[in-house]
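Chemist: Sharing a structure here in C-alpha cells format.
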Number of protein chains: 2
Amino acid sequence: MGADERFGLNKGVRLMGPVQLDNGAAFAPLDFAYESYGELNADKSNAILICHALTMDQYVASTHPVTGKDGWWVNMVGPGKPIDTDRYCVLCINVLGSCMGSSGPASIDPGTGEPYAMDFPVITIADMVRAQAILLDHLGIDTLAAVVGGSMGGMQALCWASLYPQRVRSAVVIASAARHSAQNIAFHEVGRQAIMADPYWRGGDYYGDDTPPAKGLSVARMAAHITYMSEAGLTEKFGRNLQDRDAKSFGFDADFQIESYLRHQGISFVDRFDANSYLYITRAMDYFDLAEAHGGNLSAAFRGSQTRFCLISFDSDWLYPTAESRRIVHALNAAGAPVSFVELSSPFGHDAFLIDAPDMNRIVDGFLRAGV
Amino acid sequence: MGADERFGLNKGVRLMGPVQLDNGAAFAPLDFAYESYGELNADKSNAILICHALTMDQYVASTHPVTGKDGWWVNMVGPGKPIDTDRYCVLCINVLGSCMGSSGPASIDPGTGEPYAMDFPVITIADMVRAQAILLDHLGIDTLAAVVGGSMGGMQALCWASLYPQRVRSAVVIASAARHSAQNIAFHEVGRQAIMADPYWRGGDYYGDDTPPAKGLSVARMAAHITYMSEAGLTEKFGRNLQDRDAKSFGFDADFQIESYLRHQGISFVDRFDANSYLYITRAMDYFDLAEAHGGNLSAAFRGSQTRFCLISFDSDWLYPTAESRRIVHALNAAGAPVSFVELSSPFGHDAFLIDAPDMNRIVDGFLRAGV
C-alpha cells in the first residue's frame with residue numbers, strides 16, 4: 001500500500017511511525033485503512049474522526065466490501081445527516097489490531113514475511129489512539145472538529161480528549177465507559193477461551209490455510225451478542241417463539257428463534273472477522289481504565305481539557321450502563337469541562353446506538369452545530 | 001444397583017417404571033441416586049423433597065464424593081436447621097438426565113450395553129418430576145410435607161404442585177421462574193454450542209476413553225457462571241484487581257482475578273460433571289414453560305391447588321429476576337392458592353440462594369413451621 005493523500009473511499013497508507021505502545025515497545029510500520037466522506041476545507045479544520053467499535057470497521061457510511069451491507073452508521077453520517085458530510089470531512093480509521101486493512105495480527109510482519117499472529121504486540125485503547133494521531137499528522141490535520149464514537153469508539157474518544165486535549169474541540173461518547181468492569185472482562189474472557197479452545201486456533205498460527213478457528217470465534221460472538229441486547233428486547237423480538245416449526249423437536253436443533261438467530265450471528269461473523277483480532281481488541285478493551293494512569297482519579301484524566309463533551313447512554317444498555325456514563329460526567333464536571341449528558345430510553349440495549357435512534361441523531365446534530 | 005429401602009446416605013435403586021415422557025415415549029429402567037437425612041415417621045407424612053439445580057446433585061447436606069466439599073445447602077438442611085432433619089425426613093434425588101447416579105446420557109443402555117449418549121431421550125422438567133414421583137411411590141411416600149427448590153429446583157417444585165397438587169402440602173420456590181426467557185435460552189445455547197464445537201465431543205460418543213469435551217464444557221460453565229453473579233457482586237469481589245502480579249502482562253494470561261476465577265470455575269466443573277448431561281438438562285430448562293400446556297394461562301396450571309406456596313427472589317438476580325417470581329405469585333393469587341412472597345436484598349445475584357442467607361433461612365423456617 002502506498003501513501004495516498006486524496007480524500008475519497010477506500011484509502012490506505014503505510015507510515016513508519018513508530019507508535020510508542022503502552023507495553024513499552026515501539027511498533028512500525030503502521031498500515032492504516034480508512035474511509036473518508038466529505039471534503040477537507042482549506043485550513044483542515046473541519047475533520048471529524050469517527051472511532052469504531054470492537055467488531056466494526058471503517059465502513060461507517062459506505063458498503064462493506066465483504067458483506068455487501070450498508071455502512072454501520074448511515075443514519076448518522078452523510079449529506080444533511082447529523083454528522084453532515086456537506087459540512088465536515090468525516091474520517092473513520094480501522095483500529096490498530098483489527099483485520100480490515102490496518103495493522104493487526106493477520107498483517108505480514110516485514111521482519112519475517114509471515115503474519116504476526118500472536119507476535120503482534122498486545123495493544124491498548126490508548127495505543128489505537130496514538131496510532132490514529134500519527135495518521136492525522138500525516139494528513140496534516142492538527143485539530144479535530146470532533147471525535148465521535150459509540151462503545152469502544154467512545155473509549156477512544158475519551159482517550160483522544162485525554163491524550164490530545166488541544167487537538168479535540170468536541171467529543172461525543174455514546175453507550176460507553178471509562179473502564180471495563182469485572183463483568184465486562186468476564187464476558188470477553190469467555191470469548192477468548194472459546195477461541196483458544198478451538199484446535200484450529202493452533203496458538204494463533206492458522207493463516208497458512210483456510211481453516212480458521214471458526215467454531216470458537218462463533219461461540220465468542222454468540223456470547224458477546226447476548227450482552228448487546230436487553231432482556232426485554234430479546235423477549236419482545238423472539239420470546240419463546242419456535243423457529244419454522246409447530247412444536248418442539250425434542251432434539252438439539254435450533255428449536256427457538258433466539259437459538260437460530262444467535263447461531264446465524266456467530267456463523268456470519270466468522271466470514272468477516274479474524275479470530276486473533278478478536279483476542280487482541282477484547283484485550284485492549286479489558287485493559288481500558290482511563291483513571292488508572294491518574295491514580296484512580298478519573299477527573300485528572302481531563303485536567304486542563306479544552307474539549308466540550310456530549311455523553312449519551314441508553315437505559316436498557318446493561319453492558320455499559322448509564323451509571324458508567326454518569327461517572328464520566330461527574331469526572332468531567334470536576335475537571336471543569338463543559339459536558340452535556342442524556343440517558344435515552346430504548347428497548348434495544350447496548351446496540352441502540354447502531355440502530356436508527358432519532359433522539360440520538362437530534363442530540364448529536366444539535367451538539368455539533370452548537371460547537372461551530 | 002439393587003433396591004434399597006433403608007433411609008440413610010448414598011441410596012440408589014433401579015425401578016422399571018416406565019416414566020411417560022413429554023416427547024411421547026416411555027423410558028425405563030429408571031436408576032435413582034438419592035440422599036436422605038432424618039427419619040421417616042410411621043405414617044410417612046414428614047418427607048420433604050429438595051429439588052436440586054442444574055449442576056447440583058443429591059448431596060444437599062453431605063460430603064460430595066468427587067470434590068470432597070460440604071453439601072451445597074448445609075446452612076438450610078440439618079438438625080435444628082430451617083429444614084430440620086430432627087423433624088423431617090429430607091430427600092434429595094439426582095435428577096433424571098444428570099450424572100451422579102440417576103439415569104442420564106452417561107448411563108448404560110441395557111438394550112445395547114453401551115452408554116446412551118445422545119440416544120438418551122430429550123427430557124423436560126415435568127419428566128424429571130414424574131420420575132421422582134415413581135421413586136416416591138416405591139418408597140411409599142404418598143404426600144410430601146413440602147417440596148423445596150432453588151433455580152431449576154424451584155421449577156421442579158412448581159411442576160410438582162401443578163402435576164400432583166394432592167401430593168404436595170407446601171412448596172418453596174426460590175430464585176426461580178415459571179418459564180425460560182429468550183435471554184435464558186440464549187445463554188444456554190451458547191453453552192451447548194461451546195460443548196458441541198469441541199472436537200472431543202464426537203457427537204456425544206466420548207465415554208469410551210478418557211478425553212471428554214473438557215474445553216467446551218469449561219467454556220459453557222464460564223458463560224453460565226457469569227449469569228449466576230451480579231455485576232455489583234463481581235465488582236465488589238474482583239473489580240479490576242490483578243491476579244498475583246503488580247502490572248498487566250501485555251499477554252493473554254489471566255491478568256485479572258476475575259479471569260483466573262472464571263477459568264478455575266470452568267476447569268473444576270469438568271471434573272464433576274458430564275458434558276452430555278449439561279446439554280440435556282439445559283435443554284429441559286429451556287423447554288420449561290409451565291403455562292404452555294394451559295394455553296399460556298399460568299394460573300390454570302394451579303387450578304384446584306391444595307398446596308401452600310412460599311416464593312423468594314433476590315433483588316440482584318438477573319437470571320431469574322423478581323418480576324418472574326411476581327408473575328408466579330399473581331398466577332397463584334388468581335388460582336386462589338395461599339402464597340407468601342418476599343424479595344430479599346443481596347449482592348450475590350442468582351447464587352444468593354446457595355450462599356448463607358439468614359433472611360432466607362428464617363423465611364423457610366417460619367413457613368415450614370406454620371404448615372405443620
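The values are calculated or read from the model by the stated rules, or taken from the named source; none is laboratory data. From a predicted model like this one, the values you see are computed outputs, not experimental measurements. Note that each Cβ is placed from the backbone with ideal geometry, even for glycine, and that neighbours are counted across all protein chains shown. In case anyone asks, the SASA skips ligands and DNA or RNA and just uses the protein heavy atoms, side chains included. Shrake-Rupley method; radii C 1.70, N 1.55, O 1.52, S 1.80 Å.
Chemist: Looking at the stretch B:280-308 only, could you name the residues that are touching a Pro at 6+ places or on another chain (Cβ under 7 Å) and at pLDDT 95 or above?
Modeler: Correct list: B:Tyr280, B:Thr307, B:Arg308.
Chemist: Do you know which residues across the stretch B:319-353 are hydroxyl-bearing (Ser, Thr, Tyr), away from every other protein chain (no Cβ under 14 Å) and within 18 Å of B:Ser181 (Cβ to Cβ)?
Modeler: B:Ser325
Chemist: A further question follows. With respect to B:Ile125, is the statement that it is among the β-branched types (Val, Ile, Thr), at pLDDT 95 or above and open to solvent by less than 10 Å² (accessible area, probe 1.4 Å) true?
Modeler: For B:Ile125, the condition - among the β-branched types (Val, Ile, Thr), at pLDDT 95 or above and open to solvent by less than 10 Å² (accessible area, probe 1.4 Å) - is met.
Chemist: Here is a follow-up. What are the pairs, 6+ residues apart or on separate chains, where a residue within the stretch B:333-345 that is hydroxyl-bearing (Ser, Thr, Tyr) has its Cβ under 6 Å from a residue that is surrounded by 14 or more Cβ atoms within 10 Å (Cβ to Cβ) and not in a loop (DSSP other than H, G, I, E, B)?
Modeler: B:Ser340/B:Cys310
Chemist: For residues that are more than 7 Å from chain A (Cβ to nearest Cβ) and modelled with pLDDT of 95 or more, scanning just the stretch B:199-208, find the one that is farthest from A:His225 (Cα to Cα).
Modeler: B:Tyr207
Chemist: Name, by its number, the condition in (1) without any contact (Cβ under 8 Å) to a residue 24 or more places away in the chain; (2) crowded, with 24+ Cβ neighbours inside 10 Å that does not hold for A:Ala26.
Modeler: Of the numbered conditions (1) without any contact (Cβ under 8 Å) to a residue 24 or more places away in the chain; (2) crowded, with 24+ Cβ neighbours inside 10 Å, the odd one out for A:Ala26 is (2).
Chemist: Return only the number of the condition from (1) away from chain A (no Cβ under 14 Å); (2) in contact with a strand residue (DSSP E or B) (Cβ under 7 Å, 6 or more places away or on another chain) that B:Met155 does not satisfy.
Modeler: It fails just one condition, (2).
Chemist: May I ask you to list the residues in the stretch A:333-371 that are more than 22 Å from the chain's Cα centre (by Cα) and in a helix (DSSP H, G or I)?
Modeler: Correct list: A:Asn333, A:Ala334, A:Gly366, A:Arg369, A:Ala370, A:Gly371.
Chemist: Here is a further query. Do you know which of the residues in the stretch A:182-198 that are open to solvent by less than 20 Å² (accessible area, probe 1.4 Å) and among the polar types (S, T, N, Q) is farthest from the other protein chains (Cβ to nearest Cβ)?
Modeler: A:Asn184
Chemist: Filter the stretch A:261-302 down to residues that are charged (D, E, K, R) and farther than 21 Å from A:Tyr59 by Cβ and give me whichever is most open to solvent (accessible area, probe 1.4 Å).
Modeler: That would be A:Glu292.
Chemist: Restricting attention to the stretch B:152-167, which residues are closer than 30 Å to B:Ala352 by Cβ and open to solvent by 10 Å² or more (accessible area, probe 1.4 Å)?
Modeler: Scanning the stretch B:152-167 gives B:Ser162, B:Leu163, B:Tyr164, B:Pro165, B:Arg167.
Chemist: I've got another one for you. Mind listing whichever residues of the stretch B:91-108 are closer than 19 Å to B:Trp201 by Cβ and either open to solvent by 10 Å² or more (accessible area, probe 1.4 Å) or of a type in the set (Ser, Thr, Tyr) (or both)?
Modeler: B:Ser98, B:Cys99, B:Ala106, B:Ser107
Chemist: Wholly within the stretch B:231-318, which helices (runs of 4 or more DSSP H) include no fewer than the required count, namely at least 1 residues that are farther than 30 Å from B:Ile108 by Cβ, more than 10 Å from chain A (Cβ to nearest Cβ) and under 26 Å from the mean Cα position of the chain (by Cα)?
Modeler: B:257-270
Chemist: Name every residue in the stretch B:347-372 that is surrounded by 15 or more Cβ atoms within 10 Å (Cβ to Cβ) and of a type in the set (Asp, Glu), in order of residue number.
Modeler: Result: B:Asp351, B:Asp365.
Chemist: Do the conditions hold for A:Asp142, that is, is it open to solvent by 40 Å² or more (accessible area, probe 1.4 Å) and either under 23 Å from A:Leu279 (Cα atoms) or within 11 Å of chain B (Cβ to nearest Cβ) (or both)?
Modeler: no
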